[in-house]
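Structure, as structure tokens:
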Amino acid sequence: MTFNKPIQKGAITAGVLLCLSSFATASAAADCSVKVGAVLPTSVDWGRPIAAVAQYAVDLANEAGGVTGCDVELILRDSQVDPKIGVDAAKALVDLDGVPLLLGAVSSGVSMPILTSVAVPSDVMMMSCCSSSTAFTELAKEGKSKGLFYRTFATSGVQAAVGAMVARDKGYKSVAILYKNDDWGQDISNLIAGDLEALGITVTASVALNDAQPSYRAEVTQALKGKPDALYLALYPTEGSAAVREWISLGGTQNMILANSLKSDEFRDNVGMQYLGNTTGTDTASPRTESASAFVDLYKAKFDSEPNGPGLSNSFDATMIALLAMHAAGKDASGSQIAAQVAVVTDPEGTPVSADAAGFAKATEILSGGGTVMYQGATGNVRFDGSGNVSAPAVTWTFTESGTQEASYITLEEVDEFMALVD
Amino acid sequence: MIQSLADGILVGAIVSLGAIGLTMVMHMLRFANFSHAELLSIGAYSALVFDALFSGILPILANKIGPLSMTWALILSMFCAMGATGLSAVLIDRFVFKRIRDKGDELSMVFASFGVALIIRNVLGLIFGLKSQLYSNDIVFAVMVSSDPLLLIKPDQVFVLLAALLIMLVLQFVLSRTTLGYALRAVAENPSLAEVSGIRLSWVIALVWIIGGMLAAAAGVFYGLNNHINPVIGRDLVLPIFAATIVGGIGSVFGAVLGGFIVGISANMALLILPSGYSPAVPFMIILVLLLVRPNGLFGETQT
Amino acid sequence: MMGLISYLVFFTTIASILAIAVLGLNLQWGNTGLFNGGVVAFFGAGAYGTLLLGGAPQADHIGGFNLFYPLALIGGAVAAGLLAWVVGRLTLHLRHDYLAIATFGVAVTFENIMRNAQGFSGGAKGLRGFTRPLEAWVNDGLTYNVLFLLVVSVLLICTYVFLERLIRSPYGRLLRAIREDEIAARSLGKNPGKIRLAAFITGSCIIGLAGGLYATFYAFVSPQDVLPTLTFQLWAMLIVGGAGNNRGAIIGTFLIWAAWTASGWSLSRFAPVELQIYTGTMQFILIGLVIVGMLLWRPQGLFPERLVVSQSGRKKN
């Protein structure tokens, strides 16, 4: 009990303090604050930076005057990648802190129960950076998500199509696929295998890599067997670097095509630039405006590295768009009211605003005046379809000594055209 | 086929080193220690620290040895890490397991070991960050031993295999030829009788932890050399190590070594028949099948 | 205030569902001495079974039989029982730690199959398409949750009463006899193997029932719900509450679940902003400390098993 007690005591004091502080804020309307909840896997290697970026976006918003004139208070909870824990955290945020907006979660297996058992019943808007499952689209089509769910993660269709496009343009005749064995990986590997075969490119092997395996040697050996021209990787940095180091040391081809999850310094450093010369990555892209690099510059200044890692720019955009929508919806808006304003923030006809503090301030001003804006974020000219999915133009990129650089830009029309071709 | 077999042997060597320590602890203290694999993490990370230290003080040590990615500094660090990990193991026992042993039953120990594993893993995560790290960023190319059937082997792996075998031989010598070894076996057989014969129980228990910790540290460094280091390698390795221990039979050092190789080889061979998504289940399939045939493992004795 | 009530209702629902599972585990370990290291497989069998039987048909995998809900729930529990029968036949003769690892392996294999067999379980993206019973008739979210809590509480109480009667019956004494001294029980003409299997299956059905309720509440289940973490959490609840004591098992569940959620909540509330991203890791350290501290302080649990004096002279079977 020695260790148990402080927690319980802490919780009680916490409760008391919370009550006091909520009274305090209610009485002093001058410096108000609005609460936003976030449920993100901060105890996982790739989850921690995603949370840091969300926190940073909130800081920027506060620097630019906050939301509806109030400071934004981000309450961050760890999901531990455990659905029970994530749902409980979300429920506590909604019921105890009264947040109308939840950022997260990352894994679809956590986001889905949060959406069905917390967000929809309580009329809370959910903005996920990274949940990729097609199940959300199905749910939205059935009308069960009540328009409360948005994600800034471009559906895997675009990623896969651009990956296949790279393989075709480089003239690869055969490709092996290594994918993360989760909903995103299963989805994207099926998609790209279909796309490649539609282009007449042989898929020599499609090998799933499970999380938390001590060695990926056997999987890599399996993928090596067909002696493919190129390797397609839909992995996260940890298992990605482990697998690619094995792959290269076993003499596998250095022609690699990467999904955007491997746009990561960890991956580049652990594999080494000398082996990444023939590597092309894919990603969704920013529009061709001068303000598009705003996020990259900001990130460099703040974290002293490029924003390379799974979900970082998505997390930034998710936070910014959600906060702007919250502003547009006005004080004390409900989840569905905020959700309804997302279209106003991402209006293709609206005034373009950049993804930094100045852009945020400009956007809040326009929105307060009843105008609409086009948020030009880190992942591009974000535009949501009826199911809360985002579609965007794409880029291919390559690694450089200091980070990554863009290799080519593929417009939304080109992406759509190509996807129609391979379908 | 040949390739999978060779890979399996090389992976198995690391698992074996971990399993030896675990089997000795499980035999002596009669509890399944789920925090054993965390000793590998402690070993791997302390070697990382020592390595940075030695390479900083004497840059000449940072040169590579022949075709290996191993440096002299890392070899030196490995020995230091073995000492540090042995010591940590003894300390953990003093602070946690000994106290629980004095008042609780085996199951409390098992659960305490879960708790200890959680603490170690996350403290490492706080100190070193959650990202993967490497001793050396260079990728050492595998050497083609034969082209048909294709057989590629990395020099590091051969080194690790030889080093692991050497360590096992030394251990075998200590256990079978020295008074220490006799004392260990006496205590494992019958603690009270051993105590009556003038063996100090607490010393022998400490010794088991030191040996277990040292072997785990070596395994951790070898694993880091071949793969990568991150705070969760204990979590990733705990199941193969347990599988090896149980397949070999608790208490049998030879069994643990063999078990390690069996687990390594079958995990690599399994993908020849199973889709790779099922690979985490493979070690358990082996355990299940083996336990159906031999309920006490290959070399385990019946215990009550 | 409504928020607090709403949260408490939610919290109590989840804790009660977990408590049912811990009661099932208590029958297996606390009363019969079976070290089930794969609780989550039986929990998952119940969850997947219920959703597959009671859900709407889906294009990409089997299931969706739209069964009447109580039947689907029972079906889930039966699925868990069937799994337990197979697993028990194979592994129950093993000693403690071997049994634990073998059943742990069963759970890992179960998760693997659910993750990979897309045509059966929906794969990694999980199983969807289930509508919670009567949801269309209850508009208000809170009212529905209160009703759900009532159902769960009734089931928890039923399970508790059933198990209490069971362990006080001659059969319960038999279970403990086998746990304490198998050879002695055998010499009295009992068949320990058969009885242990029966207890294992019964316990697993109860755990499966909890799994079914859990999946119903979320109207969703995915491989992430059946990771080994859950096994660990349920065991921690039983150990802290006190193995062998049903009331202890329930209280232990509420305490551990409260500590687990409250530690996350208070860290998010009180840790300074720049440390916020480390709170997840710190929470795990806290949980580890709580478990180790508890075992150091009171290894028999908060509510140790009460040793019942055998009622002499009233033996029936």
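Consider the stretch B:80-102 and keep the residues that are β-branched (Val, Ile, Thr) and out of contact with any Leu (no Cβ under 8 Å at 6 or more places or on another chain). The one that is surrounded by the most Cβ atoms within 10 Å (Cβ to Cβ) is B:Ile92. Which residues, taken from the stretch B:109-151, are within 11 Å of chain C (Cβ to nearest Cβ), in a loop (DSSP other than H, G, I, E, B) and surrounded by 22 or more Cβ atoms within 10 Å (Cβ to Cβ)? Answer for the stretch B:109-151, where residues must be within 11 Å of chain C (Cβ to nearest Cβ), in a loop (DSSP other than H, G, I, E, B) and surrounded by 22 or more Cβ atoms within 10 Å (Cβ to Cβ): just B:Leu130.
Taken together, the criteria place A:Leu235 among residues that are within 14 Å of another protein chain (Cβ to nearest Cβ), open to solvent by less than 10 Å² (accessible area, probe 1.4 Å) and either in contact with a Lys or Arg (Cβ under 7 Å, 6 or more places away or on another chain) or of a type in the set (S, T, N, Q) (or both).
Checking each residue in the stretch B:228-280 for being crowded, with 24+ Cβ neighbours inside 10 Å, more than 14 Å from chain C (Cβ to nearest Cβ), within 21 Å of A:Trp247 (Cβ to Cβ) and out of contact with any strand residue (DSSP E or B) (no Cβ under 6 Å at 6 or more places or on another chain) picks out B:Ile233, B:Gly264, B:Asn268.
Among the residues making up the stretch A:355-365, those that are in a helix (DSSP H, G or I) and over 28 Å from A:Gly98 (Cβ atoms) are A:Ala358, A:Gly359, A:Lys362. Applying a threshold of 6 Å to beta carbon distances and a minimum spacing of six or more residues, or different chains, the list of pairs starting in the stretch C:66-78 at a residue that is part of a helix (DSSP H, G or I) and ending at one that is of a type in the set (Ser, Thr, Tyr) reads C:Ala72/C:Thr50; C:Leu73/C:Thr50; C:Gly76/C:Thr50.
Beta carbons closer than 8 Å, at least 6 apart along the sequence or on distinct chains, pair a first residue in the stretch A:186-203 that is within 14 Å of chain C (Cβ to nearest Cβ) and open to solvent by 20 Å² or more (accessible area, probe 1.4 Å) with a second that is among the hydroxyl-bearing types (Ser, Thr, Tyr) and assigned to a helix (DSSP H, G or I) for A:Asp187/A:Ser156; A:Leu191/A:Ser156.
Matching residues to (1) at pLDDT 90 or above; (2) assigned to a helix (DSSP H, G or I); (3) surrounded by fewer than 24 Cβ atoms within 10 Å (Cβ to Cβ):
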site	(1), (2), (3)
A:Ser291	no, yes, yes
A:Ala294	no, yes, yes
A:Asn308	no, no, no
A:Asp317	no, yes, no
A:Ala325	yes, yes, no
A:Ser336	yes, yes, yes
A:Ala339	yes, yes, no
A:Glu349	no, no, yes
A:Val353	no, no, no
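Scanning the stretch C:108-137 for residues that are within 12 Å of chain A (Cβ to nearest Cβ), open to solvent by less than 40 Å² (accessible area, probe 1.4 Å) and among the β-branched types (Val, Ile, Thr) yields one hit, C:Val108. For the stretch C:143-175, a residue qualifies if it is farther than 25 Å from C:Leu18 by Cβ and either among the basic types (Lys, Arg) or outside any helix (DSSP H, G or I) (or both), and the qualifying residues are C:Ser169, C:Arg173. Filtered by the rule that a residue be farther than 21 Å from A:Val166 by Cα and either touching a residue at least 60 places away in the same chain (Cβ under 8 Å) or open to solvent by less than 30 Å² (accessible area, probe 1.4 Å) (or both), the stretch A:246-263 gives A:Glu246, A:Ser249, A:Leu250. Given the options C:Gln224, C:Gln233, name the one that is open to solvent by 10 Å² or more (accessible area, probe 1.4 Å), among the polar types (S, T, N, Q) and either in contact with a Cys (Cβ under 8 Å, 6 or more places away or on another chain) or within 12 Å of chain A (Cβ to nearest Cβ) (or both). Of the residues listed, the single one that is open to solvent by 10 Å² or more (accessible area, probe 1.4 Å), among the polar types (S, T, N, Q) and either in contact with a Cys (Cβ under 8 Å, 6 or more places away or on another chain) or within 12 Å of chain A (Cβ to nearest Cβ) (or both) is C:Gln224. Condition check for A:Asp169 on (1) more than 10 Å from every other protein chain (Cβ to nearest Cβ); (2) surrounded by fewer than 24 Cβ atoms within 10 Å (Cβ to Cβ); (3) closer than 19 Å to C:Phe10 by Cα; (4) not aromatic (Phe, Trp, Tyr): one failure, at (3).
Go through the residues of the stretch A:80-101 one by one and say whether even a single one is part of a strand (DSSP E or B), assigned by TED's automatic domain parsing to the domain that holds A:Phe316 and among the hydrophobic types (A, V, I, L, M, F, W, C). So far as the stretch A:80-101 goes, yes, one or more of its residues are part of a strand (DSSP E or B), assigned by TED's automatic domain parsing to the domain that holds A:Phe316 and among the hydrophobic types (A, V, I, L, M, F, W, C). Just to be sure before I move on: is B:Ala163 open to solvent by less than 80 Å² (accessible area, probe 1.4 Å), farther than 28 Å from B:Ser202 by Cα, away from chain A (no Cβ under 12 Å) and assigned to a helix (DSSP H, G or I) in the structure I sent? Yes, satisfied.
Out of the residues in the stretch C:247-260 meeting the condition of being among the β-branched types (Val, Ile, Thr) and open to solvent by 10 Å² or more (accessible area, probe 1.4 Å), tell me which one is farthest from the other protein chains (Cβ to nearest Cβ). Within the stretch C:247-260, the match that is farthest from the other protein chains (Cβ to nearest Cβ) is C:Ile250.
Identify all residues within the stretch A:289-342 that are on the phi > 0 side of the Ramachandran plot and touching a Lys or Arg at 6+ places or on another chain (Cβ under 8 Å); write none if there are none. If the condition is that a residue be on the phi > 0 side of the Ramachandran plot and touching a Lys or Arg at 6+ places or on another chain (Cβ under 8 Å), then A:Gly309 is the only one that fits. Out of the stretch A:206-227, which residues are more than 8 Å from every other protein chain (Cβ to nearest Cβ), within 28 Å of the chain's Cα centre (by Cα) and not in a loop (DSSP other than H, G, I, E, B)? If the condition is that a residue be more than 8 Å from every other protein chain (Cβ to nearest Cβ), within 28 Å of the chain's Cα centre (by Cα) and not in a loop (DSSP other than H, G, I, E, B), then A:Ser206, A:Val220 are the ones that fit. Inspect the stretch A:120-134 for any residue being more than 20 Å from the chain's Cα centre (by Cα), farther than 24 Å from C:Thr131 by Cβ and more than 7 Å from chain C (Cβ to nearest Cβ) and give the result as yes or no. Looking for residues that are more than 20 Å from the chain's Cα centre (by Cα), farther than 24 Å from C:Thr131 by Cβ and more than 7 Å from chain C (Cβ to nearest Cβ), one finds none in the stretch A:120-134, hence no.
Yes or no, residue by residue, for (1) away from chain C (no Cβ under 14 Å); (2) surrounded by fewer than 20 Cβ atoms within 10 Å (Cβ to Cβ); (3) touching a Lys or Arg at 6+ places or on another chain (Cβ under 8 Å):
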| position | (1), (2), (3) |
| --- | --- |
| B:Ile9 | yes, yes, no |
| B:Gly21 | yes, no, no |
| B:Ala32 | no, no, no |
| B:His36 | no, no, no |
| B:Leu40 | yes, no, no |
| B:Tyr45 | yes, no, no |
| B:Ser55 | yes, yes, no |
| B:Leu58 | yes, yes, no |
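The values are calculated or read from the model by the stated rules, or taken from the named source; none is laboratory data. This is a predicted model, so every value here is computed, not measured. Note that each Cβ is placed from the backbone with ideal geometry, even for glycine, and that neighbours are counted across all protein chains shown. For the accessible areas, the whole protein counts, side chains as well, though only heavy atoms, and no ligand, DNA or RNA atoms are used. Shrake-Rupley method; radii C 1.70, N 1.55, O 1.52, S 1.80 Å.
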